[in-house]
1. Taking residue 169 as the residue in question, decide whether it is closer than 30 Å to residue 342 by Cβ, surrounded by 19 or more Cβ atoms within 10 Å (Cβ to Cβ) and touching a helix residue (DSSP H, G or I) at 6+ places or on another chain (Cβ under 7 Å).
2. Kindly indicate whether any position in region 185-193 is farther than 22 Å from residue 312 by Cβ, touching a residue at least 24 places away in the same chain (Cβ under 8 Å) and surrounded by fewer than 20 Cβ atoms within 10 Å (Cβ to Cβ).
3. Against the definition (touching a His at 6+ places or on another chain (Cβ under 7 Å), farther than 30 Å from residue 142 by Cα and either part of a strand (DSSP E or B) or of a type in the set (S, T, N, Q) (or both)), how does residue 196 come out, yes or no?
4. Within region 63-79, does at least one residue satisfy the condition of being among the basic types (Lys, Arg), in contact with a strand residue (DSSP E or B) (Cβ under 9 Å, 6 or more places away or on another chain) and at pLDDT below 90?
5. Consider only pairs whose beta carbons are under 9 Å apart and that are at least six residues apart or on different chains; among these, list those whose first residue lies in region 29-51 and is in contact (Cβ under 8 Å) with a residue 40 or more places away in the chain and open to solvent by 80 Å² or more (accessible area, probe 1.4 Å) and whose second residue is of a type outside the set (Asp, Glu) and outside any loop (DSSP other than H, G, I, E, B).
6. Would you be able to tell me the number of residues in region 296-339 that are assigned to a strand (DSSP E or B) and under 16 Å from residue 191 (Cβ atoms)?
7. Which of (1) of a type in the set (A, V, I, L, M); (2) open to solvent by 10 Å² or more (accessible area, probe 1.4 Å); (3) outside any loop (DSSP other than H, G, I, E, B); (4) over 27 Å from residue 156 (Cβ atoms) is the odd one out, the single condition residue 284 does not satisfy?
8. Report yes if residue 219 is closer than 17 Å to residue 281 by Cα and not in a strand (DSSP E or B), otherwise no.
Amino acid sequence: MTDELDDMILTDDDEGQTTLYEHLRMEVDRGQEPVRIDKFMSEHVQHSSRNRIQKAADAGFIQVNGRAVKSNYKVRPGDVITLMLDRPHYDTTIEPEDIPLEITYEDDQLMVINKPAGMVVHPGCGNFNGTLVNAIAWHLRDLPSYDPNDPSVGLVHRIDKDTSGLLVIAKTPEAKTELGAQFFNHDTHRSYLALVWGNFAEDTGRIEGNIGRDQKDRLRMAVYPPGSEIGKSAVTHYKVLERYGYVTLVECRLETGRTHQIRAHMRHIGHPLFGDERYGGTEILRGERTASYKAFIQNCFKLCPRQALHARTLGFRHPVTHQQMDFTSELAEDMAALVDKWRNYTRNIPIS
């Protein structure tokens, strides 16, 4: 079960009837003790959580022996459980596609790739081709040991579609296991450059707060108190690099790697990323009310039509030689142009 459970919006066909398609089927073992179905499925279905299963049941998407059940239904031996969604099951087989890659480093164990903004990393809802993994599959198509559909190789971590910068890919299961352990244990070094709204009173800072799905907007992550039962612990360190009065260029160093971590953490402390529509960064949050300033901001948004975030550095130990490897990528062209535009603006127009 994947993020499909986050897309539980029923649609009606031409006759006003909801059409459901089977995405998962499982039979309860004979020796199973009675247990709530949400607990049972969260323990038996990969990449699922009890909360998501409860939502699926509430929406009528979980059936037992052909009938929809609520999350408090207790499974019995021999029950046939099905997950029914309102769209056909999509074939997620990854096919090689001839898409250019900017390869920063490559050997027989791994690749480091500088991903452009706008490229989806992995196929998902609405993006089933043209992704980074399709491009990698093409690049490694002549390597017999690399199967793009084998989860034991490939992406070790991810960055958002509209974030540019460095990623590491494992060519072998051994390399992915070793690199994955380094990410899990926070033994890697990653830093990002971000242009954020507002000025900072201090030059450095630390943001700590759990990252979890926003309960009002499932496409956005929210920050919850440290130690909360909601979300996962997350820590971001930031350092001011340049101040432009109304926006600030900061370096963010990740202690953890949660979904949308920098975007959510920065919004949480009142400094959304410039151009980040999802987190409020496409509003004019600081500055003047003049027509010329508004026009300047709109030109900035056009120059870099995405969140101003770039994965600049990546460091880890080589999975075989164990030597430290550190990589740096130049700021993406659109974001570099955006930063230059702000430099020139503050150079010509003093900001108090």
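The values are calculated or read from the model by the stated rules, or taken from the named source; none is laboratory data. If you're wondering where the values come from, they're calculated on a predicted model, not measured in any experiment. Note that we place each Cβ from the backbone using ideal geometry, even for glycine, and neighbour counts take in every protein chain shown. The protein model used for the area step is the full one, side chains on, heavy atoms only, and it has no ligands, DNA or RNA in it. Shrake-Rupley method; radii C 1.70, N 1.55, O 1.52, S 1.80 Å.
1. Numbers: closer than 30 Å to residue 342 by Cβ: no; surrounded by 19 or more Cβ atoms within 10 Å (Cβ to Cβ): yes; touching a helix residue (DSSP H, G or I) at 6+ places or on another chain (Cβ under 7 Å): yes.
No.
2. No, that holds for no residue.
3. Numbers: touching a His at 6+ places or on another chain (Cβ under 7 Å): yes; farther than 30 Å from residue 142 by Cα: yes; either part of a strand (DSSP E or B) or of a type in the set (S, T, N, Q) (or both): yes.
Taking the combined requirement at face value, the residue satisfies it.
4. Going through region 63-79, the residues among the basic types (Lys, Arg) turn out to be 67, 70, 74, 76.
Next, from what is left, pick out any that are in contact with a strand residue (DSSP E or B) (Cβ under 9 Å, 6 or more places away or on another chain): 70, 74, 76.
Filter once more, keeping what is at pLDDT below 90: none.
Within region 63-79, not a single residue is among the basic types (Lys, Arg), in contact with a strand residue (DSSP E or B) (Cβ under 9 Å, 6 or more places away or on another chain) and at pLDDT below 90.
5. Filtered contacts from region 29-51: 34/74; 34/75.
6. Taking region 296-339 first, the residues assigned to a strand (DSSP E or B) are 309-317, 324-328.
Okay, now just the ones that are also under 16 Å from residue 191 (Cβ atoms), so 309-316, 324-328.
Count: 13.
7. Of everything listed in (1) of a type in the set (A, V, I, L, M); (2) open to solvent by 10 Å² or more (accessible area, probe 1.4 Å); (3) outside any loop (DSSP other than H, G, I, E, B); (4) over 27 Å from residue 156 (Cβ atoms), residue 284 misses just condition (3).
8. Working: closer than 17 Å to residue 281 by Cα: yes; not in a strand (DSSP E or B): yes.
Judged against the criteria, residue 219 is a match.
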